[in-house]
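These notes are about the structure you will find just below.
The values are calculated or read from the model by the stated rules, or taken from the named source; none is laboratory data. Owing to the predicted nature of the structure, the values given are computational and were not obtained by experimental measurement. Virtual Cβ from ideal backbone geometry, glycine too; neighbours counted across all protein chains shown.
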Amino acid sequence: MDYLGGMRGDGLLLCGSGAAVPTTYDFDGYLSNSGQVTSCGEIRLASAALRQVFGRADLRLRTAGGRLLRLRFSEKRLSSGEAAAHVDIIGDLPAAAEWRRR
């Protein structure tokens, strides 16, 4: 795997057909040996909101730039009071050349 760079900013966490929750994200992109772009990273939101959505399979992040990314939690459990969680990203990821090196 080759590191492509990072993508960070603000967006809205969408949960099913429910309300949107303001979220900050910080993702890293990688190019797999098969040529596919993959990504993982962290989302940050109010701890009460994170507790409500943690573990759900229907989460999407609408970035300020208009991308719609599907999220899957990487961890099995959320520590009490946490306002951040690690996620794997699926969906409308930027092409390999569009990532910004840190």
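Couple of notes before you dig in:
- Failed condition for VAL87, given (1) among the β-branched types (Val, Ile, Thr); (2) closer than 19 Å to LEU4 by Cα; (3) surrounded by fewer than 16 Cβ atoms within 10 Å (Cβ to Cβ): (3)
- The requirement of being under 15 Å from VAL87 (Cβ atoms) and touching a residue at least 60 places away in the same chain (Cβ under 8 Å) is fulfilled nowhere in region 8-23; no residue meets it.
- Where ARG56 falls short, out of the listed (1) at pLDDT 90 or above; (2) farther than 22 Å from GLN36 by Cα; (3) of a type in the set (Lys, Arg): (1)
- Some residue of region 40-47 being buried (at least 16 other Cβ atoms within 10 Å of the Cβ) and either closer than 15 Å to ARG72 by Cβ or without any contact (Cβ under 8 Å) to a residue 24 or more places away in the chain (or both): yes
- Residue check for ARG77: surrounded by fewer than 17 Cβ atoms within 10 Å (Cβ to Cβ), within 17 Å of GLY29 (Cβ to Cβ), more than 9 Å from the chain's Cα centre (by Cα) and of a type in the set (Lys, Arg): no
- Elements of type strands (runs of 3 or more DSSP E) contained in region 20-102, each with 1 or more residues being acidic (Asp, Glu) and out of contact with any Cys (no Cβ under 6 Å at 6 or more places or on another chain): 20-31, 37-44
- Positions within region 1-19 being assigned to a strand (DSSP E or B) and not charged (D, E, K, R), in sequence order: TYR3, LEU4, GLY5, GLY6, MET7, GLY9, GLY11, LEU12, LEU13, LEU14, CYS15
- Flag if LEU59 is within 16 Å of the chain's Cα centre (by Cα), of a type outside the set (Phe, Trp, Tyr) and crowded, with 16+ Cβ neighbours inside 10 Å: yes
- Some residue of region 36-53 being modelled with pLDDT under 90, at positive phi and out of contact with any helix residue (DSSP H, G or I) (no Cβ under 7 Å at 6 or more places or on another chain): no
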